[in-house]
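The values are calculated or read from the model by the stated rules, or taken from the named source; none is laboratory data. Quick caveat: nothing in here was measured; it's all calculated off a predicted structure. All Cβ positions, even for glycine, are placed from backbone atoms using ideal geometry, and neighbour counts span all protein chains on display.
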Amino acid sequence: AHAQDAVAPAQVPTLLPLLGALLQEAPRNSPRRQLTRGHPLQYMLELYRQNADQHGRPREKRVFRANTVRLVRPAGRRALPPRGPWYVQTLDFPLQPNRDMDHLVRAAVAYRPRLRLSHSHLSCHVEPWAHKSTILLGGGSPGFALPEAWAEMDLTNYIQQQVQPQKGRRVLHIQVRCQQQERTEIGLGWRQALATDTAFLVLYFNNTFKSVPRMELPELLVGDPEGADLLSLARRVR
Amino acid sequence: QVGPVRSEAPGQSLEQTQCSLHPFQVSFHQLGWENWIIAPHLYSPNYCKGACPRVLHSGLRSPNHAIIQNLINELVDRSIPRPSCVPYKYMPISVLLIEASGSILYKEYEDMIAQSCTCR
């Protein structure tokens, strides 16, 4: 961390491309790692374990074709009033703007098809909210063996054809629809059950980081005249 | 004529001083990144170190330019440096990290582990 303090942030990408890339992805306010716990972390640790060995090296036989996988948690959730045996919640997933080097190869919602309550349980499935288009849902394969008690709904076509073309802020709205199996009274327990991490979005990218065109560098340095010198330096070095 | 090959440091065998791969392991904790890198804990970037001998044997896989640069240093201009001992091949590593948005990201970073060395 001290080394980073010694170099102006704008210079780091020039001097250490990897550090520059990692700094772009590092949380600015460096949250404590324990902020990430529970189902999302378990899910991604299982994915990691299946795709990389204990030294962190990708396995020869990758379990999926992508070299970058992002687990996105819902930014908002709304529980609808129960209707008969149906308990429905809508989740909002903000989609980051696609960076040139990220090519989306697969998108899926991972969810728990079975939620246990104190005296009952709910059977759940997911679908895009207000899904009216003729795009087929499902299909595709996660490639890796899902952790126990998890299922996936493939939304690759839907996101590529319905959500990505949207202008401005792109948000995927998903409905988690759960039906109670027994006819017992369940009170408000269902709210808590749905409020926990029951569903999140998993995006698979092929990231072509190596071949990022140099033109991104000027944007990083353009505000800084000294940076312009550095830019010429960078060019000479190359 | 290629002259006799001298060992760079008296008392050290040629093998020890010649350009070669050296294992090296760090933890992301040592790099101060443990707050946002979840896995792996340990990382072995390794490094290359050693002299580039005048006679670059085929094991080093040096480009012809390195041979010429050696000759220029020896026969024409001492201020031209001899070839350096640098990584030749790399391997990627997979990292699990937390993004600024709180998402969890699995990413494969290319060229993160030095697998072999060369003089160039």
Within region A:49-96, restricting to residues that are of a type in the set (K, R) and in a strand (DSSP E or B), the one that is farthest from B:I98 (Cα to Cα) is A:R83
How many residues does region B:80-94 hold that are surrounded by 21 or more Cβ atoms within 10 Å (Cβ to Cβ) and more than 7 Å from every other protein chain (Cβ to nearest Cβ)?
-> 2
What are the residues in region B:39-79 that are modelled with pLDDT of 90 or more and within 14 Å of chain A (Cβ to nearest Cβ), if any?
-> B:A39, B:P40, B:L42, B:Y43, B:S44, B:P45, B:N46
Checklist (1) in contact with a helix residue (DSSP H, G or I) (Cβ under 6 Å, 6 or more places away or on another chain); (2) in contact (Cβ under 8 Å) with a residue 24 or more places away in the chain applied to B:I80, failing item = (2)
Of the residues A:P82, A:P40, A:P9, which single one is more than 11 Å from every other protein chain (Cβ to nearest Cβ), within 30 Å of A:Q180 (Cβ to Cβ) and modelled with pLDDT under 90?
-> A:P82
Within region A:179-207, restricting attention to residues that are in a loop (DSSP other than H, G, I, E, B) and surrounded by fewer than 14 Cβ atoms within 10 Å (Cβ to Cβ), which residue is nearest to the chain's Cα centre (by Cα)?
-> A:T196
Cβ pairs under 6 Å, 6+ apart, first in region B:45-74 and of a type outside the set (G, A, S), second assigned to a helix (DSSP H, G or I) | B:R54/B:N70; B:L56/B:A66; B:L56/B:I67
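Would you be able to tell me the number of residues in region A:34-48 that are assigned to a loop (DSSP other than H, G, I, E, B) and either of a type outside the set (D, E, K, R) or under 16 Å from B:P40 (Cα atoms) (or both)?
Filtering region A:34-48 for residues assigned to a loop (DSSP other than H, G, I, E, B) gives A:36-38.
After this cut, where a residue has to be either of a type outside the set (D, E, K, R) or under 16 Å from B:P40 (Cα atoms) (or both) as well, the list is A:36, A:38.
Residues flagged as assigned to a loop (DSSP other than H, G, I, E, B) and either of a type outside the set (D, E, K, R) or under 16 Å from B:P40 (Cα atoms) (or both) within region A:34-48 amount to 2.
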